[in-house]
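The values are calculated or read from the model by the stated rules, or taken from the named source; none is laboratory data. Keep in mind that what you see is a predicted model, and the values were worked out from it rather than measured. In this analysis, Cβ positions are derived from the backbone assuming ideal geometry, glycine residues included, and neighbour counts consider all displayed protein chains. Just the protein is used for accessible areas: all its heavy atoms, side chains included, with ligands, DNA and RNA removed. Shrake-Rupley method; radii C 1.70, N 1.55, O 1.52, S 1.80 Å.
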Amino acid sequence: MYVNMKSLLKSITSGKEYPLNEVRFTADNGELLDVIHDFDAIKKQNNISREYFSNKRSTINGQPSGGVWHFRELVMPDLPESEIISKQEGNTRLYRSKKISAWLGLNKEKFFLKHEGENPTGSFKDRGMTVAITMAKHLKQRAVTCASTGNTSASLAAYASEAEMPGIVLIPKGNVAVGKISQALAYGTKTLVVNGDFDDCMRLIREAQEKLSAYPLNSINPFRLEGQKTIMWEILMQLNWQIPDWIVFPGGNLGNTSAFGKALHEAKELGLIDKLPRFAVIQAEGASPFYKAYKNNFSGLTPQKADTIATAIKIGDPVNYTKAIRAIKWTNGIVESVTDEEILDAKANVDAAGIGAEPASCATVAGMKKLIASGEIKSNETVVGILTGNILKDPQVIVDYHFNRKTALANPPHDIEATIDELKHFL
Ligand SMILES: *Cc1c(COP(=O)(O)O)cnc(C)c1O
């Protein structure tokens, strides 16, 4: 199958290695797997450097490609280009905002928001999906599956359709935002609404992999994380390789935490950077097992029943826990938790700045607010926040907020008669 494949799967602590084309998601001892590339060989073939990536013009199958496949050498180096299934993921904007930086109390020149909601299906999940679906096809899998709080299913549905692979998504009953379930249905994937929560869906997916050979595209799939690494490299490139002090993002199943840590660790190994920014991972208070484990010096994870308005991070038993600990250690990172009220408040500010994002994404900004207030993040530091999903993913939360709240940013619609007299009051 793989002719020149030098990359491997490697157990994250025991170091046991497996071939890349072996379909497996954990080592024999149950540990998670990393994808390991032969960087020495890659460096010999390509003059890997900051300039190499900054000046490179990348194409995939004849189409210009920034984003994920711009970093192909460090994502999936030996994969034949013709096999890549891509919708030009990534290459997302790095926003500045006077309004949000003023609300946060940060220097507007040093504050950035990277908008992953601007990916093809509206979340960062596409970055992982392009790599994982390509590998699923390459490994001749018969069907792809996922458990999803919404965005993974939207992404899987679109990519499975393009790859002409049957797909099944499992979503927890009553807990998926309308924009996301609409996408899964519209792109034509089989959508199973499970009488249970996300963690029940995830358990089923792992069982379906073992018993039915259904290929999971959750972040337990190490190829997903290879694609998500590129968010970090893109930020570095966009900042002209100046290393920010902080990278702030939400944590649910902790795939991003794991992928971002790996990306920066590899960037240092490759000599692209000489130190790592610090991570601040933000959880919703009602779904904060990682935050609690962090507070206990990672002495153990206690799964919980998750409850938060930010459905994308409504996860009580994150599968990438052990990889995420490593990322926090590598980056001297911290974990914080915020209430749903704080998330909604931050969201009102992100939305009113004309940028907009779904609730889970705004946990990023709510976390920044809290960490700046506590003095952990200093007002003169360079801070990059990740907005993980699009504003249109969860319109119900927006409508509820603006119709029902009495806050300064609440902006309910007004009913008028069809006369210029009534209209002029609003000008
Ligand atoms: C999936 C998702 C998250 C959670 O990311 P993890 O990698 O599972 O921690 C956060 N925000 C949005 C919008 C998501 O879709």
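Observations
- Taking first residues from region 214-235 that are within 11 Å of the ligand (Cβ to nearest atom) and at pLDDT 95 or above and partners that are basic (Lys, Arg) and open to solvent by 10 Å² or more (accessible area, probe 1.4 Å), no Cβ contact under 6 Å between residues at least 6 apart in sequence or on separate chains turns up.
- Pairs where the first residue, in region 244-261, is near the ligand (Cβ under 8 Å from one of its atoms) and the second is charged (D, E, K, R), C-beta under 6 Å, 6+ apart: Ser258/Lys323; Ala259/Lys229
- Meets criteria (among the polar types (S, T, N, Q) and open to solvent by less than 10 Å² (accessible area, probe 1.4 Å)) for Ser213: no
- Taken together, the residues in region 348-371 that are of a type in the set (D, E, K, R) and within 12 Å of the ligand (Cβ to nearest atom) amount to 1.
- Ile343 within 16 Å of the ligand (Cβ to nearest atom), part of a loop (DSSP other than H, G, I, E, B) and either of a type in the set (Val, Ile, Thr) or within 21 Å of Val178 (Cα to Cα) (or both): no
- Restricting the search to strands (runs of 3 or more DSSP E) fully inside region 96-180 and requiring at least 2 residues that are closer than 24 Å to Val319 by Cβ gives 144-147, 167-172.
- Checking Leu272 against (1) away from the ligand (no atom under 15 Å from the Cβ); (2) under 18 Å from the mean Cα position of the chain (by Cα); (3) open to solvent by less than 10 Å² (accessible area, probe 1.4 Å), the condition it does not meet: (2)
- Of the residues examined, Ser213 is not one that is closer than 19 Å to Lys125 by Cα and small (Gly, Ala, Ser).
- Enumerated helices (runs of 4 or more DSSP H) restricted to region 1-85, each holding at least 2 residues that are open to solvent by 30 Å² or more (accessible area, probe 1.4 Å): 39-45, 50-55
- Within region 289-307, the set of residues being open to solvent by 90 Å² or more (accessible area, probe 1.4 Å) and in contact with a Leu (Cβ under 9 Å, 6 or more places away or on another chain) comprises just one member, Lys292.
- Residue pairs whose Cβ atoms lie under 9 Å apart, separated by 6 or more positions or on different chains, with the first residue in region 180-205 and more than 24 Å from Ala163 (Cα to Cα) and the second charged (D, E, K, R) and open to solvent by less than 80 Å² (accessible area, probe 1.4 Å), are Val194/Asp200; Asp197/Lys314; Phe198/Lys314; Phe198/Asp317; Asp199/Asp317; Arg203/Asp317.
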